Amino acid sequence: MNDGEWVIILQMGLVYGIVTIGIFLSFRVLNFADMTCDGAFVLGGCLSAIGVKNGLPASLALILAFLGGSTAGLATAWLHNFCKIADILAGILVAFMLYSLNLRIMGGVPNVTLDAGNGCGVMLALTGIFVILAVGYLLVSDFGLALRGLGQNRHLTRSYGIHTANTVATGLAMSNGLIALGGAFFALTQSFCDIGSGAGTLVVGLASLVIGEKVLPFRSPAVAVAACVVGSVVYRLLIGFALHSDVLFLRSSDLNLITGLLIVVTMAMRGRRKKCYL
């Protein structure tokens, strides 16, 4: 791999590292199987792309994307808390409806092209560091303890006087806001936004999360957040090496196959290790 490919690997690792932190908040911390992420990722890309295309500064476009993703997370929380819809189905419904909304945001066209050279590389690095520090601090704060307690035992958390519905809504808003922020960075760094760019976001995020937990197997919340970014970068490295291996005879179209196999191997190793301890 040449220098340009190394830069792209690191860049995509940081972009999907932010996404993985969002998935970590919902799946690991809240123990909420949120399927909104595919739609939220595209929503962030659409809002940022259209914002920049209409003269909005990149920083404000990123904030707009975060707020849009947070609104999607609140919608999922509302369907779950007040309409009593199961967590998986609530996320699927919101992601399903976001497809039409994203198309409307982009003016009815399936993709939007931006001018190259938005200068978001440094902003991406700074944002990644800020997100790691902010979420790591949040999880050890009183509110973070409430989030973690809610994921462990919702009934016990409610007995301590914590409003579980509001806590779930806030957690999902932060989760999908970060996922949309990752989608915004993806659109700005790649200089395009496509309505289908969110396909597989959840799988890639879970793969990065599982790999990160293997690379940094520590229970500290701050380390767990950093492991999301580390796992994302390692995942991109593994994909890059696999696709550049002449022995394996793989092509870029085999990306989904490689991702699935990585997850299967990692999960199988975890399952066998747990079985050995019994």
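Only the coordinates and a few stated rules stand behind these numbers; no lab work does. In this text the structure is predicted, and so the values were computed from the model without any measurement. Cβ sites come from the backbone with ideal geometry, for glycine too, and all protein chains shown count toward neighbours.
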Quotient of Cα Rg and 2.2 N^0.38 Å for the stretch 18-171, N being how many residues it contains: 1.13
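Please work out whether the stretch 72-152 counts as rounded, prolate or oblate from its C-alpha gyration tensor, where a ≥ b ≥ c are the square roots of the eigenvalues and a/c under 1.5 means rounded, while otherwise a/b larger than b/c means prolate and anything else oblate?
Cα axes put the stretch 72-152 in the oblate bin.
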Ranking of M123, M267, M106 by count of other Cβ atoms within 10 Å, fewest first: M267, M123, M106
Cut-off under 5 Å, modelled amide H: who pairs with F192 long-range: L114
Rg over Rh [alpha-carbon atoms, Kirkwood Rh] for the stretch 1-79: 1.05
DSSP-loop trypsin sites (Lys or Arg not before Pro) across the stretch 42-120, with at most 15 other Cβ within 10 angstrom: K84
Gain on full stretching of the segment that runs from K53 to K214 - 0.36 nm per residue minus C-alpha separation: 53.9 nm
³J(HN,Hα) computed for each position of the stretch 202-208 - Karplus, 6.51 cos²θ - 1.76 cosθ + 1.60, integer Hz, glycine/proline x: 5, 5, 4, x, 5, 4, 5
Additional length obtainable on full extension of the chain from S100 to A86, 0.36 nm per residue less Cα span: 2.8 nm
Ranking of E213, E5 by count of other Cβ atoms within 10 Å, fewest first: E5, E213
Peptide ranges 203-210, 145-152 listed from the most packed, as the mean C-beta count within 10 angstrom indicates: 203-210, 145-152
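Take R219, R236 and order them by how many other Cβ atoms sit within 10 Å, fewest up front.
Details: R219 6, R236 22.
With the fewest neighbours first, R219, R236 line up as R219, R236.
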Within the chain: Cβ-based charge dipole about Cα centre, in debye rounded to nearest 20 (Lys, Arg +1; Asp, Glu -1): 1000 debye
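Only Cα pairs under 8 Å and at least 6 apart count here; give the relative contact order of the chain as a rounded whole percent. Walk me through the numbers before you get to the answer.
Working: 445 pairs, mean separation 95.5, N = 278.
Once divided by the residue count of the chain, the mean separation gives 34 percent.
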Relative contact order (percent, whole number), the stretch 82-241, Cα cutoff 8 Å, 6+ residue spacing: 27 percent
Charge-dipole axis of the chain as Lys and Arg at +1 and Asp and Glu at -1 on Cβ define it, positive-most pick from S197, I85, G45: I85
Extension gain from F192 to L138, taking 0.36 nm per residue of separation minus the Cα-Cα distance: 16.2 nm
Sorted peptide list for 159-168, 73-82, criterion being average Cβ within 10 angstrom, highest first: 73-82, 159-168
The stretch 1-145: relative contact order in percent, alpha carbon pairs under 8 Å with at least 6 residues between: 27 percent
